[in-house]
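The values are calculated or read from the model by the stated rules, or taken from the named source; none is laboratory data. Just so you know, these numbers come straight off a predicted model, no measurement behind them. Note that each Cβ is placed from the backbone with ideal geometry, even for glycine, and that neighbours are counted across all protein chains shown. Side chains are part of the model used for accessible areas, which takes the heavy atoms of the whole protein and leaves out ligands, DNA and RNA. Shrake-Rupley method; radii C 1.70, N 1.55, O 1.52, S 1.80 Å.
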Amino acid sequence: MIATFTIILFFLLLIGLPVAFSLGMGGVAGIFAFMGGTSEALSQVPIIGYQSIDDFVLTAVPLYILMSQILLEGKVGSNLFELANKWLRHLPGGLGVATIIACAIFAAITGSSVACAVTIGAIAIPEMLSRGYDRATVLGSVAAGGTLGILIPPSIPMILYSAITDESVGKLFMSGVLPGVLMTLMFTGIVVMRSRHLEREAAATWAERMDELKKSFWGLLLPVIVVGGIYSGIFTPTEAAAIGTVYSIIITMLIYRTLTPMDMPKILKDTVKTTCMIFAIMIGANLFGFVLTILEAPQALTESVVGITNNKWFVFLAINILLLFLGTILESVSIIFIALPIIFPLICSVGFDPIWFNVVMLLNLELALITPPVGMNLFVLKGISPDSSMTDIVKGVIPFGLAMALEILILCFFPEIATWLPSVVK
């Protein structure tokens with residue numbers, strides 16, 4: 001029966017039905033079939049739907065999305081790119097390095113990969129192309145740099161991971177810091193290696209650097225307030241999201257003056273659309289997950305895998321292959337809600353640290369963002385650079401995808417990269 005429902009789910013996805021409705025329809029059908037086939041059984045549907053989003057932690061999701069939209073429309077990313085450019089353009093491949101660093105900083109502010117790729121890419125792509133950078137390198141660096149949005153805190157996928165597994169959001173946020181820094185360094189290394197033949201640009205004067213730093217100061221202060229406030233114990237991650245949203249409104253409307261009250265209806269509309277998409281997937285996934293729970297799918301999977309092998313690294317390899325496969329046909333939010341409730345008990349049963357696995361899973365989701373055929377950042381880049389072919393985009397992201405796979409391997413040998421900081425910061 002488990003295989004039957006899985007086949008039904010993938011059939012609905014393949015015919016083009018939205019993920020939320022595919023999961024929801026499968027869940028409702030399963031509840032009706034396995035709970036007596038009566039209207040009383042269907043009365044469980046609204047109860048499960050309500051319980052799916054009845055979690056205080058999830059309040060942070062629309063707030064972080066709203067903050068991201070405000071900063072996106074307020075063009076804060078433009079200032080951050082100019083700051084990185086002024087400080088780094090004299091290095092080999094300096095503009096490419098500046099692009100990656102700007103993505104990392106903007107990721108630490110918004111937690112959104114798509115917003116990161118759109119904001120930095122719209123500025124960086126024409127600048128880099130005009131200076132002779134290879135088109136594939138340009139597109140690959142922006143696509144990969146944008147993926148840092150879900151690894152460097154604050155991260156919406158980490159909040160969703162917490163809601164499903166009951167792990168501490170604060171610890172999950174801290175687990176992404178060092179892997180995020182390592183990933184940023186690896187990306188910059190790739191850009192330098194592929195652009196070292198280009199003539200270096202003249203270094204900006206210290207006066208220019210400090211002037212750009214002053215312009216970007218208020219934007220740079222946001223991650224300090226949000227992340228610093230969480231780890232100092234001043235406020236919770238959800239309260240941090242609210243404070244960050246208010247702060248983003250203040251700096252974009254009163255300091256930078258890049259937003260007006262007339263811009264807020266569009267921002268709120270986009271926020272509601274994205275939030276509803278995430279919550280709809282969440283409700284559909286919980287309905288489908290309820291059926292899998294009735295069928296004892298997680299227990300059956302755990303027993304089957306453990307019955308085949310006790311080698312936890314074999315299990316780990318199989319899970320990574322599964323996540324990579326799902327990443328080629330689904331976006332990251334759907335993968336979290338479909339796969340995590342099933343594989344999380346298996347991960348715990350074979351002895352893996354759930355905080356460490358959070359980072360591994362996010363790296364897989366990063367890889368999914370730049371993996372054909374539905375890598376979201378690939379289509380984002382095609383949208384902001386219509387002259388570029390999908391072949392150029394895919395060719396450009398290959399070395400960055402290999403770097404992500406390498407980091408997953410490094411984390412297997414050195415899990416402390418993800419677990420050390422959460423263990424020492426209380």
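Structure data summary
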| item | result |
| --- | --- |
| Long-range neighbours under 7 Å by Cβ, at least six apart or interchain, first residue in contact (Cβ under 8 Å) with a residue 24 or more places away in the chain within the stretch 321-345, second among the aromatic types (Phe, Trp, Tyr) and open to solvent by less than 10 Å² (accessible area, probe 1.4 Å) | ILE336/TYR161; LEU340/TYR161 |
| Residue in the stretch 70-77 that is open to solvent by 10 Å² or more (accessible area, probe 1.4 Å) and either touching a Cys at 6+ places or on another chain (Cβ under 9 Å) or at pLDDT below 85 (or both) present | yes |
| Selection count where residues are closer than 26 Å to GLY170 by Cα and exposed (fewer than 13 other Cβ atoms within 10 Å of the Cβ), scope the stretch 187-230 | 2 |
| Check on ASP263, acidic (Asp, Glu) and open to solvent by 40 Å² or more (accessible area, probe 1.4 Å) | yes |
| All positions within the stretch 231-246 that are open to solvent by 30 Å² or more (accessible area, probe 1.4 Å) and touching a Leu at 6+ places or on another chain (Cβ under 6 Å) | ALA242 |
| Any hit, the stretch 151-161, residues being open to solvent by 10 Å² or more (accessible area, probe 1.4 Å), touching a Ser or Thr at 6+ places or on another chain (Cβ under 9 Å), aliphatic (A, V, I, L, M) and touching a residue at least 12 places away in the same chain (Cβ under 8 Å) | yes |
| Of residues in the stretch 139-175 being polar (S, T, N, Q), touching a helix residue (DSSP H, G or I) at 6+ places or on another chain (Cβ under 6 Å) and under 20 Å from PHE106 (Cβ atoms), the one modelled with the highest pLDDT | SER141 |
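To keep it simple, each residue is scored yes or no on (1) surrounded by 16 or more Cβ atoms within 10 Å (Cβ to Cβ); (2) modelled with pLDDT under 90; (3) not in a helix (DSSP H, G or I).
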residue	(1), (2), (3)
ASN358	yes, no, no
VAL374	no, yes, yes
ASN377	yes, yes, no
PRO386	no, yes, yes
ILE393	yes, yes, no
PHE400	yes, no, no
LEU406	no, no, no
ILE410	no, no, no
LYS426	no, yes, yes
